[in-house]
Amino acid sequence: MKNFFSNIRGDAFGGLTAGIVALPLALAFGVSSGLGPSAGLYGAIFISFFAALFGGTNTQISGPTAPMTAVSMIVVAGIVAANEGDVEKALPSILLVFLLTGLIQVALGVLKLGEYIRYIPYPVVSGFMTAIGLIIIITQILPALGYYPKEDLGFVERFKPQAEEVILENILKEEAGEGILVIEDFQETIDRADEITAEIILKESQSLAAKSASGTIGALRVLPRAIKNINWLELALAISTIFIVFGFKKITTKVPSSLVALVLVSTVAVVFNLDYRTIEEIPSGIPIPNMEIFSNISIGTITPYIFTALTLAILGAIDSLLTSVVADNMTKTKHKPNRELMGQGIGNSIAAIFGGIPGAGATIRTVVNINAGGKTKLSGMIAGLVLLIIMMALAPIASKIPAAVLAGILVVVGINVMDYKGIKAIPSLPKDIELGPLKLSSEVIIMLIVLLLSTFWDLIYAVGIGLVIASLMFMKKIGNITARRSSVKSIKETIWADELNFPQRFKEEVFIKHINGPLFFGSTSDFQALTIQIPETASIVIMRLGRMQYMDQSGLYAMEDMLLDLKKKNVNVLFVKLLAQPRYMMERIDIIPDFIGEDRIFNNFEDCIAWINKNVEDKY
């Protein structure tokens with residue numbers, strides 16, 4: 001507790017500064033997610049406070065981030081669409097996904113899996129981050145132009161026939177569930193169909209129109225209509241915001257440029273009484289838990305969302321631990337990855353219960369906190385409290401912020417989050433793959449695959465596919481390298497120092513095999529060729545295994561097949577210096593003692609020679 005308050009002045013200033021920086025981003029991320037600005041604020045408040053309190057990085061400031069919001073946006077859109085476009089109806093299921101995300105992160109920390117996050121290849125991370133930037137920019141073009149598909153009656157009109165089909169299908173499903181969908185009660189179906197009003201059809205059409213225009217492909221699909229229906233005032237507000245965010249940084253970086261843009265543009269819009277679109281109203285009271293999450297919870301309701309929640313959890317873990325590394329480098333400290341995951345999980349779980357979107361460690365806010373003097377966990381907790389106080393005191397004023405201003409801020413976030421370092425490195429990366437006359441870089445291929453699939457298809461599957469391709473390419477490279485180093489050679493070609501005194505009279509009867517390196521899937525083909533190399537005069541094969549540190553399952557079965565072939569040819573096999581891991585593997589499937597008895601395993605080559613002198617007959 002003494003260390004907790006050892007830097008109270010620096011932590012107070014760091015937390016205050018970080019909280020102010022987080023304000024416009026929290027509002028913007030909340031709007032982008034589809035749940036409104038209050039969801040962004042709730043996420044920032046609770047994640048910042050509890051992730052700091054229970055986490056493993058003293059100076060980390062957590063809250064909604066661009067990657068987490070991009071995935072959350074897809075989750076929200078999908079669940080809302082499945083609930084007839086009704087956000088209120090879909091909210092319990094959405095928050096359940098976010099709650100599961102937090103609980104999975106806690107489990108990852110408890111299982112001590114935090115150390116493994118660093119093994120995700122850089123090309124996958126690079127492609128993903130650039131895709132996040134493109135997704136945010138493309139999806140914010142529409143609100144920046146002042147175009148909202150649900151309000152474009154010409155666009156909505158296209159979906160009325162489909163809306164009528166959906167409504168009728170829902171009626172039939174309800175009646176099937178109630179057990180009244182039979183010929184005798186078909187009049188009930190007709191009566192319910194007669195109750196469908198033009199207002200109901202319009203509402204369903206708007207929901208379908210919004211779904212059609214969601215995501216990057218949807219936004220690009222309706223972009224021509226948006227350009228034809230530009231709201232010039234909204235566009236001016238968005239562009240002004242972007243210019244101020246970039247321009248103010250050249251004047252000073254001590255004051256957050258996004259906050260300056262938010263205040264200046266919003267003030268002008270209010271003072272001049274401009275006819276602009278505001279963000280959703282922000283509640284000013286103390287946040288209240290949404291207990292509907294738990295009202296109908298069951299295995300059946302959780303199962304469809306487990307994979308989505310797992311993806312969000314892993315993404316949040318990567319995001320947070322990368323920020324922790326940045327904090328370590330700046331403060332010369334060492335974070336605790338597993339504890340950090342538990343802290344993030346607790347923060348996300350509590351935020352979900354109060355209606356907040358999930359988040360992670362935020363690099364920019366963490367850097368701001370450190371530069372302002374933050375050194376302990378108290379700084380992150382203060383940042384959360386600052387946002388709570390701002391929300392309670394200034395919610396009515398914040399509700400007048402133009403929606404286009406937040407769209408402008410998000411466009412800047414999208415531009416900044418892209419991995420320019422990885423993009424600039426593309427021309428200089430080694431071209432290690434040949435496709436006919438073309439030479440390509442495997443790392444560039446992985447990055448582009450993840451980038452394109454994430455942007456235009458699915459973030460979740462894109463990362464999974466990227467990891468699989470990266471793993472396969474890595475295994476092939478390591479397999480090629482190790483296979484070149486691993487060799488199968490006889491005594492006539494290469495002689496080790498302790499083999500100089502090998503009895504020459506047995507050179508026809510004894511064949512010596514050296515294994516240099518691990519025996520695994522990449523080197524089994526050479527190993528399996530051993531029986532071809534053995535001369536017909538040989539009755540003994542000595543396998544020098546002192547340099548075979550590792551054997552995988554492919555190597556194990558290759559060894560078993562080779563021993564079986566040699567046994568059929570009445571060739572005895574001797575092992576010299578068998579190491580612990582390969583021995584364990586061979587004992588599991590009874591190669592030892594069924595094929596190789598303990599009396600045929602020697603600790604050194606001298607003992608093996610002694611056995612040969614005693615048991616082998618010189619026939620040639």
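Coordinate-derived values only; no laboratory data. All values reported here derive from a predicted model rather than from experimental measurement. Here Cβ is always computed from backbone atoms with ideal geometry, including for glycine, and neighbour counts include all displayed protein chains.
Ranking request for peptides 396-405, 604-613, 94-103: highest mean number of other beta-carbon atoms within 10 Å first, then the rest in descending order.
94-103, 396-405, 604-613
Packing-wise, with mean Cβ within 10 Å as the measure, how do 212-221, 47-56, 126-135 rank, highest first?
The packing order, highest mean first, is 47-56, 126-135, 212-221.
Return the whole-Å distance between the Cα centroid of region 549-598 and the Cα centroid of region 307-372.
47 Å
Which cross-chain or sequence-distant (5 or more) residues have an amide H under 5 Å from the amide H of residue 602, H modelled 1.01 Å from N in plane?
575, 576, 577, 578
Could you derive backbone 3J(HN,Hα) for region 279-286 from the dihedral phi with the Karplus parameters 6.51, -1.76 and 1.60 (θ = phi - 60°), listing whole Hz in sequence and x where the residue is Gly or Pro?
Result, ordered by residue: 6, 5, 5, 9, x, 9, x, 5 Hz.
What order, most packed first, do the peptides 323-335, 244-256 have when packing is the mean number of other Cβ atoms within 10 Å of each residue?
Output ranking for 323-335, 244-256: 323-335, 244-256.
Expressed as a rounded percentage, what relative contact order does region 210-327 have, with Cα pairs under 8 Å and six or more residues apart?
Relative contact order of region 210-327: 15 percent.
Please state the charge dipole magnitude for region 425-484, taken about the Cα centre, from unit charges on C-beta atoms (+1 on K and R, -1 on D and E), reported in debye and rounded to the nearest 20.
240 debye
Please state the charge dipole magnitude for the chain, taken about the Cα centre, from unit charges on C-beta atoms (+1 on K and R, -1 on D and E), reported in debye and rounded to the nearest 20.
The dipole magnitude comes to about 3360 debye.
Only counting other Cβ atoms within 10 Å, I'd like 413, 616 sorted with the fewest neighbours first.
616, 413
So what are the ³J(HN,Hα) numbers for region 17-29, from phi and the Karplus equation (6.51, -1.76, 1.60; θ = phi - 60°), rounded to whole Hz, Gly and Pro as x?
These are the phi-based 3J(HN,Hα) values: 5, 5, x, 5, 4, 6, 4, x, 5, 4, 4, 5, 5 Hz.
Roughly speaking, what is the stretch gain from residue 432 to residue 164, that is 0.36 nm per residue apart minus the C-alpha to C-alpha distance, in nm to one decimal?
Length difference between fully extended and current span is 90.9 nm.
List the trypsin sites (Lys or Arg not before Pro) in region 408-453 that DSSP assigns to loop (not H, G, I, E or B) and whose Cβ has at most 15 other Cβ atoms within 10 Å. Which are they?
Sparse-neighbourhood loop trypsin sites (Lys or Arg not before Pro): 431.
How far apart, in nm, are the 7 Å Cα→Cβ label points at residue 267 and residue 113?
Taking the simple label geometry, residue 267 and residue 113 are separated by 4.9 nm.
So how far, in whole Å, is the C-alpha centre of region 390-439 from the one of region 194-223?
28 Å
For the charge dipole of the chain, defined by +1 on Lys and Arg C-beta atoms and -1 on Asp and Glu C-beta atoms about the Cα centroid, which residue among 575, 503, 422 has the Cα displaced farthest towards the positive pole?
503
Going by amide H atoms built from the backbone, whose H comes under 5 Å of the H on residue 375, apart from near neighbours?
Amide H neighbours of residue 375: 11.
Put a dot 7 Å past each Cα toward the Cβ at residue 306 and residue 423; how far apart are the dots in nm?
Spacing of the two 7 Å Cα→Cβ label points: 3.9 nm.
Using Cα pairs under 8 angstrom and six or more residues apart, how large is the relative contact order of the chain, in percent?
This gives 26 percent for the chain.
With a ≥ b ≥ c taken as the square roots of the eigenvalues of the C-alpha gyration tensor of region 425-484, please select rounded if a/c is under 1.5 and otherwise prolate if a/b is larger than b/c or oblate if it is not?
oblate
If you take the charge dipole of the chain about its Cα centre, with +1 on Lys and Arg Cβ and -1 on Asp and Glu Cβ, which of 437, 517, 361 is farthest toward its positive end?
517
Each residue of region 234-239 in order: what ³J(HN,Hα) in whole Hz does its phi give by Karplus 6.51 cos²θ - 1.76 cosθ + 1.60, θ = phi - 60°, with x for Gly and Pro?
These are the phi-based 3J(HN,Hα) values: 4, 5, 5, 5, 5, 5 Hz.
For residue 512, what residues show an amide H to amide H distance below 5 Å, using hydrogens built from the backbone and excluding near sequence neighbours?
491, 542
What distance in nm lies between label points placed 7 Å from Cα along the C-beta direction at residue 223 and residue 610?
For residue 223 paired with residue 610, the spin-label model returns 8.0 nm.
Got a sec? Charge dipole of the chain, +1 on Cβ for Lys and Arg, -1 for Asp and Glu; which of 39, 18, 393 is way out at the positive end?
18
Test of understanding: ordering 122, 276 by Cβ neighbours within 10 Å, fewest first, what list do you get?
Working: 122 15, 276 22.
Fewest to most other Cβ atoms nearby, the residues stand as 122, 276.
Per DSSP H run of at least 4 residues, take -39500 (n - 2.57); add these up for the chain, divide by its residues and hand me the 222 nm value, nearest 500 deg cm²/dmol.
That comes out to -21000 deg cm²/dmol.
Direction-averaged shadow area of the convex hull around the Cα atoms of region 522-619, nm²?
Details: hull surface 25.0 nm².
Projected area, direction-averaged: 6.2 nm².
What FRET efficiency, computed as 1/(1 + (r/R0)^6) with R0 = 60 Å and r the Cβ-Cβ distance, is obtained for residue 325 and residue 153, rounded to the nearest 0.05? Walk me through the intermediate numbers first.
Numbers: r = 51 Å, r/R0 = 0.85.
Efficiency at R0 = 60 Å is approximately 0.75.
Among [x] 28.7; [y] 28.0; [z] 24.7, which is the computed Kirkwood radius over Cα pairs in Å?
Read-out from the structure maps to [x].
Among 339, 588, which comes first, then next, by fewest other beta-carbon atoms within 10 Å?
588, 339
Filter the cross-link list 334/377; 334/375; 421/476; 567/614 down to pairs whose alpha-carbon distance in this structure exceeds 24 Å.
The pairs that break the limit, which is 24 Å between Cα atoms, are 421/476.
Which of 150/400; 228/424; 211/424 have a Cα-Cα distance over 27 Å?
With Cα atoms farther than 27 Å apart: 228/424; 211/424.
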